[in-house]
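No lab work stands behind these numbers, since they all come straight from the coordinates. In this text, all values refer to a predicted model and were calculated from it rather than measured experimentally. Cβ coordinates were reconstructed from backbone atoms using ideal geometry, including for glycine residues, and neighbour counts include every protein chain displayed.
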């Protein structure tokens, strides 16, 4: 037996061994339709659906229902779907999509459950839960990786790094691979090898008609274009195939931490330093604040080259200002990828938004610093990320992700544990962004969608939006997959 066949068989056996006992559904169930109306699912309909699934169908009161409905952003913890279909394979996904279409249900699709906007869960509808589908299969001769839609970045990084390979992806290990990829996929290696979608070779996707389609540069090219940045608008992806690159197991990281009285100077330096940085250098800078009110400024670098070159490239940063801490060191890449996990913990209440920056206006830093301050139980954070490099060498219309011209991204927000503070801190976040928006572009990374309106989504896709609408008309004309940065059909 080949290694990949063995892995597939072993993982399949493990999944089958954990399948829960299927419960009896004793009553009809009220549910919400695709357009927000009311419907009733009969006991017989629910039982037939449950019997079609390999894994489990959960409803309110089912064992594990409450844990299964929780996602990363705890601000959405009150959402209670009518049904959660936990899918073990593609057939389960097809059956779930067909059930949703037949009964005209509101549908949310959950991969890693990391959506800031809460759209991987819904009130009263059906959640298609892909979290059991966590396989990561490597083909070492071709350096390709096939990944299930429930896999997390940590799963992907651990499997690839065990063989000295990497797929460029995000920077928090408990992020879902599926959502990150479909939105574009920014991360610490993107200037070297591009976005995650730039390394995507193919997908298998169940479209709204319940058909399984393969999309690549050789088949269903229009659909392949759309899933690379168009989010979950066109169906449920059941498999991702990526091109991996030789890298690791260590990366070179360096950086400086500055006290808050150097905030403006350090951040302005980070813009200048990152603008002409080579492709091996990924620069992230920002401000952070702990719940005890201690603030700090950081400028950090991940270097994709060798250590000697890294030291030369990072030296200008180490020479700048009067940092309270500075260092350059090799670090295990898997460990680096999980370093921010604690600051992005599950279950806290998050208000986070992002925008792109095409031209740097130093006045932006005045607004950022002036509004920065401590607050009870709120962890406040912001970051700048440099784009360019391999990201910017792809044409803006080559994939659905249109932001190839952007120079930087900015993300600002906060998170807290006390639900009684949510109204106050959400308003704080909105006010902060009202002050920042004059200095940013109108377009944004859809994986940082928070509470943007539909016209902001369409404007953000720019010239690519019309083509996305044509795809939506073709593959999802009734807008079954609407809980996302939505592309509204016109038919």
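Relative contact order, whole percent, for the stretch 156-313 stands at 22, derived from Cα pairs under 8 Å and 6 or more residues apart. Normalised by residue count, the stretch 35-187 yields a Cα convex hull volume of 124 Å³ per residue. Here is the tail figure for the stretch 251-452: Cα pairs spaced more than 32 Å apart come to 15 percent of all pairs. Annotation: Cα Rg of the stretch 142-282 relative to the compact-globule expectation 2.2 N^0.38 Å equals 1.22.
Stokes-Einstein diffusion of the stretch 221-275 at 37 °C, 0.692 mPa s viscosity, Kirkwood radius from Cα pairs, rounded to a whole number: 202 µm²/s. Where does helix 307-318 land angle-wise versus the long Cα axis of the chain, in degrees 0 to 90, nearest 10? Orientation of helix 307-318: about 70 degrees from the principal axis. Stokes-Einstein diffusion for the stretch 253-314, with the hydrodynamic radius set to the Kirkwood value over Cα pairs and evaluated at 10 °C in a medium of 1.306 mPa s, equals 129 µm²/s. The stretch 363-395 and the stretch 192-255 have Cα centres separated by 27 Å. Counting only DSSP beta bridges with both residues in the chain, the antiparallel share comes to about 90 percent.
One quarter of the surface of the convex hull around the alpha-carbon atoms of the stretch 314-390 equals 8.3 nm², the direction-averaged projected area. Ranked by the mean number of other Cβ atoms within 10 Å per residue, highest first, peptides 484-491, 85-92 order as 85-92, 484-491.
Taken over the stretch 111-157, the convex hull of the Cα atoms encloses 76 Å³ per residue.
Each Cα pair of the stretch 92-131 feeds into the Kirkwood radius, which the Stokes-Einstein equation turns, at 37 °C and 0.692 mPa s, into a diffusion coefficient of 317 µm²/s. Compared with the dominant principal axis of the Cα atoms in the chain, helix 465-475 is inclined by about 20°.
Remark on the chain: Rg and Dmax equal 22.5, 71 Å (Cα only). Just so you know, the averaged projected area of the alpha carbon convex hull for the stretch 358-441 sits at 6.9 nm².
Restricting the calculation to Cα atoms, the stretch 354-398 shows an Rg/Rh of 1.12 when the hydrodynamic-style radius is the Kirkwood one. The mean sequence distance of close C-alpha pairs (under 8 Å, at least 6 residues apart), as a share of the length of the chain, puts its relative contact order at 15 percent. Scaling the Cα radius of gyration of the stretch 389-491 by the globular reference 2.2 N^0.38 Å produces a ratio of 1.27. Panel order for 346, 356, by other beta carbons found within 10 Å of each beta carbon, from fewest to most: 346, 356. In the chain, helical runs assigned H by DSSP with n ≥ 4 each contribute -39500 (n - 2.57); averaged across all residues and rounded to the nearest 500, the mean residue ellipticity at 222 nm is -8000 deg cm²/dmol. Here, P(r) means the percent of Cα pairs in each 5 Å bin from 0 to the largest distance; for the stretch 142-184 it is 5, 24, 36, 24, 9, 1. Highest mean packing comes first when the peptides 156-168, 178-190, 385-397 are listed by Cβ atoms within 10 Å, giving 178-190, 156-168, 385-397. Protection proxy ranking for 108-120, 240-252, 142-154, 419-431, using the average of other Cβ atoms within 10 Å per residue and placing the highest first: 108-120, 142-154, 240-252, 419-431.
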